[in-house]
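Some notes on the structure that comes next.
The values are calculated or read from the model by the stated rules, or taken from the named source; none is laboratory data. Just so you know, these numbers come straight off a predicted model, no measurement behind them. Cβ coordinates were reconstructed from backbone atoms using ideal geometry, including for glycine residues, and neighbour counts include every protein chain displayed. Note: accessible area is taken over every heavy atom of the protein model, side chains too, but ligands, DNA and RNA are not part of it. Shrake-Rupley method; radii C 1.70, N 1.55, O 1.52, S 1.80 Å.
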Amino acid sequence: MEKRKIIYIGIVLICILAVIAAIVEQIILRTGESENHYKKPETSITEKSQEELKKEFNEIFNNVVNYNGFDASNITKLDNTKELVYCAYSLQESKEEKYEVNINLPVININNDVVYNFNLNTQKLFADKATEILNKSEGTTTIYSVEYTGYINENILSVIIKSTLKDGNNAQRIIVQTYNYNLNTQQEFTIYDALEQRGVTQDEVTSKIQNQITGAINEAKLLQNSGYQIYERNINDEMYKIENASEFFLGEDGTLYIIYAYGNGSYTSEMDIIEI
């Protein structure tokens, strides 16, 4: 009898140990699953090519501003009957041997000296050119378009205007103008503000600009060697310094884009886009 009791006790202990082992194993497995569940997945981020960035950029122009849910009711407007940014002049017209135009000129509808200067610049760059074209005498046909878009990210308004001009025998040029405005502070939103908001340093962005432009220069040289005419970039040009980044904007998701539109100063459609 004593021997049987010992055997029974041994069996019971083995069963208990087996149950404990199973429980421990389940705990370990679940802990591992939990750790795997909350572990940040490894992601592979591929840089977009310049062709992809240019294609996306050219597709954003719809002559409206995306508010992203921003409440503009407390903004002091110039005209309370209008949107925060509205199309003040729109014309699509063609006249033989004179012009073909598709013009959409925006006005930022905010009563503020900073914005006044923005609108004045739009007048000088785009509206005056439109007037000149519409009043031209017969001759070679001028093709001119102006379109815009914009985004509000939290309290930052970005407005982007793009014009395409083909005038006589001159090469086609693309001109880009951007305005960035802090709706809370009522001040211009600078490139330094943009870098701070994106959480990147000047050195990081400078390095990316240098890499992107160097790549564009190398690609252009290959095209030139194949007999194509190219726009010649100079990596040492002052325009590539952060303090001289004049055309930039925050996109729909807050991504920062720095635009080097070489048509702003030359007869070319070439541009480089830096995505931050």
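Quick check: anything in segment 53-60 surrounded by 12 or more Cβ atoms within 10 Å (Cβ to Cβ), acidic (D, E) and touching a residue at least 24 places away in the same chain (Cβ under 8 Å)? Step through it out loud before you land on a result.
We begin by selecting, within segment 53-60, every residue surrounded by 12 or more Cβ atoms within 10 Å (Cβ to Cβ); these are 53-54, 56-58, 60.
With the extra rule that they be acidic (D, E), the set shrinks to 56.
Restricting the remaining residues to those that are touching a residue at least 24 places away in the same chain (Cβ under 8 Å) gives none.
Looking through segment 53-60, none of the residues is surrounded by 12 or more Cβ atoms within 10 Å (Cβ to Cβ), acidic (D, E) and touching a residue at least 24 places away in the same chain (Cβ under 8 Å).
Would you mind telling me which numbered condition in (1) under 20 Å from L53 (Cα atoms); (2) assigned to a loop (DSSP other than H, G, I, E, B); (3) at pLDDT 95 or above; (4) open to solvent by 80 Å² or more (accessible area, probe 1.4 Å) E204 fails?
So E204 meets the others, but not (2).
Of the conditions (1) closer than 28 Å to K77 by Cα; (2) free of Cβ contacts under 8 Å to residues at least 40 places away in the same chain; (3) of a type in the set (V, I, T), T214 clears all except one; give me its number.
Of (1) closer than 28 Å to K77 by Cα; (2) free of Cβ contacts under 8 Å to residues at least 40 places away in the same chain; (3) of a type in the set (V, I, T), only one is false for T214: (1).
If R198 satisfies every condition in (1) out of contact with any Gly (no Cβ under 6 Å at 6 or more places or on another chain); (2) crowded, with 20+ Cβ neighbours inside 10 Å but one, which is the exception?
The single condition R198 does not satisfy is (2).
Report whether or not A245 is among the small types (G, A, S) and more than 26 Å from I108 (Cα to Cα). Can you show your working first?
Numbers: among the small types (G, A, S): yes; more than 26 Å from I108 (Cα to Cα): no.
No; evaluated as a whole, the condition is false for this residue.
Please enumerate the residues belonging to segment 241-276 that are in a loop (DSSP other than H, G, I, E, B) and not small (G, A, S). Show your work before the answer.
Going residue by residue through segment 241-276, those that are in a loop (DSSP other than H, G, I, E, B) are 241, 245-247, 251-255, 265-270, 276.
K241, E247, E252, D253, T255, Y267, T268, E270, I276, listed by residue number.
Looking only at segment 57-76, count every residue that is closer than 21 Å to V146 by Cα, touching a strand residue (DSSP E or B) at 6+ places or on another chain (Cβ under 6 Å) and not aromatic (F, W, Y) and tell me the total.
Number of matching residues: 5.
Results for (1) under 17 Å from Q202 (Cβ atoms); (2) open to solvent by less than 10 Å² (accessible area, probe 1.4 Å); (3) touching a Phe, Trp or Tyr at 6+ places or on another chain (Cβ under 8 Å), shown as yes or no for each residue.
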| residue | (1), (2), (3) |
| --- | --- |
| N218 | no, no, no |
| L223 | no, no, no |
| Q229 | no, no, no |
| E243 | yes, no, no |
| G251 | no, yes, yes |
| T255 | no, no, no |
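If a residue must be open to solvent by less than 50 Å² (accessible area, probe 1.4 Å) and in contact with a helix residue (DSSP H, G or I) (Cβ under 9 Å, 6 or more places away or on another chain), how many such residues does segment 61-93 contain?
1
Determine whether D237 is of a type in the set (D, E) and without any contact (Cβ under 8 Å) to a residue 12 or more places away in the chain.
Details: of a type in the set (D, E): yes; without any contact (Cβ under 8 Å) to a residue 12 or more places away in the chain: yes.
So D237 passes the test.
Starting from segment 131-156, keep only residues that are among the charged types (D, E, K, R), then list their pairs with residues that are assigned to a strand (DSSP E or B) whose Cβ atoms are within a distance under 7 Å, requiring at least 6 positions of separation or different chains.
Pairs found: K136/Y99; K136/T142; E147/N104; E147/K162.
How about segment 77-172: which strands (runs of 3 or more DSSP E) wholly inside it have at least 3 residues that are in contact with a strand residue (DSSP E or B) (Cβ under 9 Å, 6 or more places away or on another chain) and under 25 Å from I258 (Cβ atoms)?
Working: elements: 85-95, 99-108, 142-153, 156-167.
Counting at least 3 such residues, we get 99-108, 142-153, 156-167.
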